[in-house]
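Peer 1: Here it is, the structure, as structure tokens.
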Amino acid sequence: MATVAVAMLFVSCKNEDIKVSRNVNFKINPYEVISGFDYEVEEGELESFSSDYKLRIHLLVYDESGFLQGTDVQFLTNYQSLMNSTVALTEGKYTAVAISDVVKYDGSSITMNYWDITGTDRLSDLKVADAGYIGGKYKILGISNYDFEVKEGSVDHTIHVKPAGALILRFAWNIHYYNIEEYELDMNKTSDFCTFNNDGTYEVAIENHGGDYDWRLCYFDPKDYSDYNGCYGYYFVLPLGRTSFQWYGKSDNSWYYVGDEMSANIKFGEEYLAYLELGSDIIATMELVNGTKAVSLPVNAKEAVQIQYGNESNVENPQPLK
């Protein structure tokens, strides 16, 4: 009987799937989120931010059924920093999702964020949603998915995070030419969130009200720049496809068209210049600029003095120009 018991024990052990857990090392590189946005008024101004802001990186690892098996969140000082993370995983196939966004961080907690990341326990429930602030360059979002297998001899992986949308540089010049209380750049599409498929790819939800200009990209009040001839700011948008834009000016509580209607095919990783020059002839253009250097800004544009205000109140983070 003892011999039979021992034999049954060995048979039982042979029939069990023994899962081996391995420490899997990840290196997350967020630099490509902004490296392609190379058209800047001040060189390098997109790479870093003030000390009270941090670059938040989410690493989310899902099994073949789409359930979360490992996670890590770290806060970096700029886009040239690297995130190193180790996650214990059993052998098998996985999908990793890396998400980068900028948050206001006091060293122990987040006091302000531009994107809400929810539903992390299951890949099909994962959602990245606009928190409702314009945010300037702090709103740039990065997302990448990465398929890999955990097995003997393969434990190190590098993920390069990519931009999840496009960047628009708004540059306004000769802003005191008209007696206008406020200028506003509106668009006929918007996208407030993206959701994920079981393979880690994501879809962008686009809203369109029949071509009406129902969404504001940015605005500025010339009186805020009484000592300057122009102002500029950066604005991040999810990929909208072919989109139309129109400038408006407000005077005596009435809105007027300013310049011609513009359009652009808003794609991942592309940067556009929304240029407005006021005068007897109004120039309003929207051009693709990253990698092209096709548009020249006024010669004294780089005499910039940065100011930052209003990030928590759904207004832009403008920089005035002399």
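Peer 1: How large is log10 I(q)/I(0) at q = 0.14, 0.16, 0.19, 0.24 Å⁻¹ when the Debye formula is applied to the Cα atoms of region 157-251, each weighted equally and without solvent?
Peer 2: These q points yield log10 I(q)/I(0) values of -0.65, -0.78, -0.96, -1.24.
Peer 1: Over region 96-141, with the other protein chains present, what is the accessible area per residue in square angstrom, probe 1.4 angstrom? Show your work: numbers first, answer last.
Peer 2: On the way: 1550 Å² over 46 residues.
Per-residue value: 34 Å².
Peer 1: Taking a quarter of the surface of the Cα convex hull of region 248-295, what do you get in nm²?
Peer 2: Details: hull surface 17.8 nm².
If I average the Cα hull's projected area over directions, I get 4.5 nm².
Peer 1: Separate question: Give the span of region 32-113's Cα atoms along each principal axis, as three whole-Å numbers ordered largest to smallest.
Peer 2: Result, largest extent first: 48, 31, 19 Å.
Peer 1: So how compact is region 121-178: Cα radius of gyration and Dmax in angstrom?
Peer 2: 19.5, 70
Peer 1: Using Stokes-Einstein with the Kirkwood hydrodynamic radius over Cα pairs, what translational diffusion coefficient do you get for region 202-260 at 4 °C and a viscosity of 1.567 mPa s, in µm²/s rounded to a whole number?
Peer 2: Details: Rh = 14.4 Å.
Result for D is 90 µm²/s.
Peer 1: Compute the orientation-averaged projected area for region 62-202 from the convex hull of its Cα atoms and round it to one decimal in nm². Can you show the working numbers first?
Peer 2: Details: hull surface 46.0 nm².
Its Cα hull, projected and averaged over all orientations, spans 11.5 nm².
Peer 1: Quick check on my link table: of 27/162; 27/151; 54/189, which ones sit more than 22 Å apart, alpha carbon to alpha carbon?
Peer 2: Numbers: 27/162 14 Å; 27/151 18 Å; 54/189 30 Å.
Those over the limit are 54/189.
The values are calculated or read from the model by the stated rules, or taken from the named source; none is laboratory data. What you are looking at is a predicted structure, and each value in this text was computed from that prediction instead of being measured. Areas reflect the complete protein model, heavy atoms only, side chains present, ligands, DNA and RNA absent. Shrake-Rupley method; radii C 1.70, N 1.55, O 1.52, S 1.80 Å.
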